Amino acid sequence: MNAETTLILGTGPDDLAQAAALLREGHLVAFPTETVYGLGADARQGAAVAAVYAAKGRPEFNPLIVHVADLAAAERIAVFDADARALAAAFWPGPLTLVLPLAAGHGLSSLVTAGLSTVAVRVPAHPVAQGLLAALGGPVAAPSANRSGRISPTRAAHVLAGLSGRIAAVVDGGPCGVGVESTILGLGPARLLRPGGLPAEAVEAALGRPLLPPEDGTISAPGQLLSHYAPAAAVRLNADAARDGEVYLGFHDRDGDLNLSPSGDLAQAAANLFDHLHRLDATGRPIAVAPVPDRGLGRAINDRLRRAAAPRPSGPSSGPPGGG
Ligand code: TXA
Ligand code: MG
């Protein structure tokens, strides 16, 4: 491990220059994006990418999302067809990841793509992520900055709770605005591989046709293990109220120990989701969750909640295997 003490950096130019220098030296730096905090490594350095898997305690090499500054940088690593270009024009920078064929001379470590012929690429909108990409001048591979299988981080404190002492630095840019990971699309034809921070309805409106579901039995979303984003405690979904001993995560007019959005606003609920789960998990009690409508950002929220509630082979207290 390359760090005994994890530096906490601010977001000024000197901080981002230091963060970029650490990445260039092959160290790991967590940083904010508009969705969740990412655990960044220079995507061109195999040893740095391998260190991501080690720091997360990820058992297998799942392919990682590559973050770049803009469409021009994305086109140096991936091949864009007309749909991909239209989606990039409509939604980048923003919470959309496109899985595209690797371009010749892409320069990425094969560990980033886990040996696949495609790469997942995204242009983050967060100014701190953009500042870091500019300071590095290269692609950054970054899964969510949590221990494997645990809740994704939306604050620097969440990152430190899981990874302090295991990574070189975290850039503290405050809480993430979107709160759930990016929407992932496969293209040719367009498929929804992971619901996320960009509602599928918005993608369908831009494409002018419905998205297809993921193909069955393929490796299209190999990181999508069922038990994922999991708190240490058990989670019970679609609960109208808490039972004895449970804490209750409310939504809209179903109030609880915490409420994802008292006004029923799905964007606010997404932004609060992981932070509220972290806080309720700290009580050590099982968590009951109010129903959340399955439309717009509600699809991403329900996807993460289903994974949080999924049975875990090793039991709730030892934490789930796999995942990102
Ligand atoms: O919002 C986000 O997307 C966050 C922030 C940090 O940008 N990142 C994130 O990365 O969620 P990660 O590594 O936790 O999720 C990567 C997902 C996995 O489900 C993986 O299987 C899928 O992207 N993926 C990556 N490359 C792929 C490929 N070539 N084909 C299909 N799926 C791929
Ligand atoms: Mg993840």
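The values are calculated or read from the model by the stated rules, or taken from the named source; none is laboratory data. Model, not experiment: these values are computed from the prediction. Here the Cβ is made from the backbone with ideal geometry for all residues, glycine too, and neighbour counts use every protein chain on show. In case anyone asks, the SASA skips ligands and DNA or RNA and just uses the protein heavy atoms, side chains included. Shrake-Rupley method; radii C 1.70, N 1.55, O 1.52, S 1.80 Å.
If you take all other residues with their beta carbon under 15 Å from the beta carbon of T11, and give Lys and Arg +1 and Asp and Glu -1, the sum is -3. Heavy-atom surface analysis with a 1.4 Å probe gives the range 7-207 a carbon and sulfur content of 58 percent of its accessible area.
Shape annotation for the range 51-208: C-alpha extents along the principal axes are 45, 32, 30 Å, from largest to smallest.
Along the range 19-25 the Karplus relation, 6.51 cos²θ - 1.76 cosθ + 1.60 evaluated at θ = phi - 60°, assigns HN-Hα couplings of 4, 5, 5, 4, 4, 4, 7 Hz to successive residues, with x for each Gly and Pro. Amide H contacts for T118 (H built 1.01 Å from N in the peptide plane; partners 5 or more residues away or on another chain; cut-off under 5 Å): L102. Distance from the C-alpha centroid of the range 138-168 to that of the range 1-80: 10 Å, rounded to the whole angstrom.
The stretch between S164 and D253 holds 28.3 nm of extra length on full extension. This uses 0.36 nm per residue minus the Cα-Cα distance. For the chain, what class follows from the C-alpha gyration tensor (a ≥ b ≥ c being the square roots of its eigenvalues): rounded when a/c is under 1.5, otherwise prolate if a/b is larger than b/c, else oblate? In terms of gyration-tensor shape, oblate.
Starting from the Cα gyration tensor of the range 235-309, take the square roots of the eigenvalues, sort them a ≥ b ≥ c, and report rounded, prolate or oblate (rounded when a/c is under 1.5, otherwise prolate if a/b is larger than b/c, else oblate).
Cα axes put the range 235-309 in the prolate bin.
For A78, the residues whose modelled amide H falls within less than 5 Å of its own, excluding neighbours fewer than 5 places apart on the same chain, are A103.
Within the listed set R299, R209, R307, the Gaussian network model of the chain (springs between alpha-carbon atoms below 10 Å) gives the highest mean-square fluctuation for R209. The range 128-181 has equivalent-ellipsoid semi-axes of 19, 14, 11 Å, by the square roots of 5 times the alpha carbon gyration tensor eigenvalues, sorted largest first. Testing the spin-label approximation: label points 7 Å from Cα along Cα→Cβ at A50 and R236. State their distance in nm. Distance between label points: 4.6 nm. Distance between the modelled labels on R85 and T5, one decimal in nanometres: 5.2 nm (7 Å Cα→Cβ projection).
For the chain, what does the helix formula give at 222 nm: sum of -39500 (n - 2.57) over DSSP H segments with n ≥ 4, over the residue count, nearest 500 deg cm²/dmol?
Using -39500 (n - 2.57) per qualifying helix, the result is -8500 deg cm²/dmol.
A Förster radius of 35 Å combined with the Cβ-Cβ distance from E204 to R243 puts the calculated FRET efficiency at roughly 0.35.
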